[in-house]
Amino acid sequence: MRIVSLAPSATSILCAIGARRLLVGVTKWCCDVAPVAGLPQVGDCWHMESVADIVALRPTLVIGSVPYKQETVGKLLEQRFVFLAMNPRTIEDIYADIRLLGGLTGRPTHADTLIRKMRSEFAALERASKKLKRRLRVYCEAWPNPRISSPPWVAEVVKVCGGQMVVAAGEKVSDEQVAEARPDVIVLAWAATGGKSDPKQAYKVEAWQDVPAIRNRRVHVIRDEYLNTPGPPLLDGARELSRLMNWLDGERGKKDSRQRAQRKRRG
């Protein structure tokens with residue numbers, strides 16, 4: 001089997017289950033989430049000028065995942081190789097993709113082991129979140145213009161870590177919708193930007209000036225590959241979110257203590 005992966009999520013899964021040797025090509029984004037820097041790089045499911053580079057690698061299987069551009073998928077479907085299109089929405093969908101790739105590559109046991117590991121770590125983070133004093137209201141953003149909220153699996157991770165996603169996940173949202181939701185914290189994980197999301201833009205949004213997250217200077221950045229890759233890197237995103245939630249909970253506790261002390265002195 002000769003696999004070309006056009007999706008960082010698929011590449012991260014294949015490497016995690018010990019199937020890296022089957023990869024003969026990846027995208028430039030895959031290097032951010034898996035040890036594939038030495039492999040030939042091709043386009044991805046969103047932008048691809050030509051499929052000639054893929055054809056030259058003689059793949060028996062090409063794997064893609066969301067987001068897709070119709071024109072790109074059309075080019076891929078015209079070829080003789082098998083094209084597998086993945087479209088996960090939830091964490092359970094991610095587990096299903098892991099099982100699928102484990103079966104296709106003859107590594108079902110390794111796939112099951114990876115799923116157990118992910119379940120166990122998410123469960124541990126969820127248990128830890130029970131210690132938080134309150135559940136924070138969270139807005140996670142995957143893109144600023146047009147404004148798009150983070151995918152549904154991110155909303156699940158937010159819940160695991162003790163928060164609540166306050167807008168619909170994976171959809172276009174307006175400034176007014178976010179303002180009405182009144183998040184306590186805003187998390188930016190803009191697609192294909194690594195850790196370069198810009199909090200300054202959030203603080204300048206006119207409609208958000210009365211939003212608690214803006215008033216309290218609680219706009220934070222998490223690397224996009226940690227939250228936007230529906231595969232093993234999501235564990236890193238969950239750990240980052242958990243640390244953020246715990247820190248914010250501690251800061252709120254300090255603020256409450258100061259306010260109680262001030263009221264006591266005034267009394």
- Quick one: how many residues across region 29-43 are within 23 Å of LEU77 (Cβ to Cβ), open to solvent by 30 Å² or more (accessible area, probe 1.4 Å) and without any contact (Cβ under 8 Å) to a residue 40 or more places away in the chain? 2
- Hey, could you check region 216-228 for residues that are over 14 Å from TYR139 (Cβ atoms) and out of contact with any Gly (no Cβ under 8 Å at 6 or more places or on another chain) and say which is least open to solvent (accessible area, probe 1.4 Å)? ASN228
- Message: Name the residue that is nearest to SER65 (Cα to Cα), counting only residues in region 114-129 that are open to solvent by less than 60 Å² (accessible area, probe 1.4 Å) and out of contact with any Phe, Trp or Tyr (no Cβ under 8 Å at 6 or more places or on another chain).
- Response: LEU114
- Message: What pairs come out if I take residues in region 10-26 that are within 19 Å of TYR95 (Cα to Cα) and pair them with residues that are at pLDDT below 95 whose C-beta lies under 6 Å away, six or more apart or interchain?
- Response: ALA10/SER65
- Task: May I ask you to verify whether ALA111 is small (Gly, Ala, Ser), over 14 Å from ILE13 (Cα atoms) and surrounded by 15 or more Cβ atoms within 10 Å (Cβ to Cβ)?
- Result: no
- Tally of residues being touching a residue at least 40 places away in the same chain (Cβ under 8 Å) and either under 22 Å from GLN201 (Cα atoms) or part of a loop (DSSP other than H, G, I, E, B) (or both) across region 137-178: 14
- Collect the residues in region 1-28 that are open to solvent by 30 Å² or more (accessible area, probe 1.4 Å) and either under 16 Å from PRO108 (Cβ atoms) or small (Gly, Ala, Ser) (or both), keeping them in residue-number order. MET1, ALA16, GLY18
- Could you check how many residues of region 47-63 are surrounded by fewer than 17 Cβ atoms within 10 Å (Cβ to Cβ), free of Cβ contacts under 8 Å to residues at least 40 places away in the same chain and not in a helix (DSSP H, G or I)? 3
- Query: Considering only residues of region 64-78 that are under 12 Å from LEU6 (Cα atoms) and part of a helix (DSSP H, G or I), which is most open to solvent (accessible area, probe 1.4 Å)?
  - Reply: VAL73
- Does LEU14 count as more than 18 Å from VAL73 (Cβ to Cβ), of a type outside the set (D, E, K, R) and in a loop (DSSP other than H, G, I, E, B)? no
- Hits in region 79-108 - residues which are over 30 Å from LEU244 (Cβ atoms), touching a residue at least 12 places away in the same chain (Cβ under 8 Å), open to solvent by 70 Å² or more (accessible area, probe 1.4 Å) and not in a helix (DSSP H, G or I): VAL82
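The values are calculated or read from the model by the stated rules, or taken from the named source; none is laboratory data. For clarity, every value in this text was computed on a predicted model and none was experimentally measured. Note that we place each Cβ from the backbone using ideal geometry, even for glycine, and neighbour counts take in every protein chain shown. What goes into the accessible areas is simple: the full protein's heavy atoms, side chains included, and nothing from ligands, DNA or RNA. Shrake-Rupley method; radii C 1.70, N 1.55, O 1.52, S 1.80 Å.
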